[in-house]
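The values are calculated or read from the model by the stated rules, or taken from the named source; none is laboratory data. This one's a predicted model, so the numbers in the text were calculated from it and none came from an experiment. FYI the Cβ positions are ideal-geometry reconstructions off the backbone, even for glycines, and counts take in every protein chain you see.
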Amino acid sequence: MVLVLLVCTVAFMSTSCALLMGDVCSLAGRRHFDNGAYQRAIRAYTASLNWGRLSLLYGGGGRPTSLTLNLRGEAHLAMGNYSAAIADFIAALSFYPANETANENLARAMNP
């Protein structure tokens, strides 16, 4: 019983840590994007996605992953990296098809 409780506690703490780090990286990405530091924003969003993969809650994809991919795609689009932006927007839609912003951004990237 104690071993099961310990394993559950460690799993919960690891998931919480991954969620927190993913959120911190995403916030840093937004700050970089707003300051015009698009390459730094891309690195921060990529780190957020990598932390998300460690989380049991984010690992399956869904809306958080879709939103982060969309934000990274916007940074690529701002830099004129259309192929990378298109790839991120398509990936965002594969995780969460109802992401209207990613759909609109995909249209913008395909028709610059």
- [ ] Filter segment 32-49 down to the residues that are farther than 15 Å from ALA84 by Cα and of a type in the set (A, V, I, L, M), then identify the one that is surrounded by the fewest Cβ atoms within 10 Å (Cβ to Cβ).
- [x] ALA37
Open item on the list: Anything in segment 69-89 that is without any contact (Cβ under 8 Å) to a residue 24 or more places away in the chain and surrounded by 15 or more Cβ atoms within 10 Å (Cβ to Cβ)? List them, or say none.
Closed with: ASN81, ALA84, ALA87, ASP88, PHE89
Task: Unmet criterion (only one of (1) modelled with pLDDT of 90 or more; (2) of a type in the set (Asp, Glu); (3) closer than 14 Å to THR65 by Cα) for ASP23 - done: (1)
Open item on the list: Restricting to segment 47-80, count the residues that are at pLDDT 80 or above, assigned to a helix (DSSP H, G or I) and more than 14 Å from ALA92 (Cβ to Cβ).
Closed with: 4
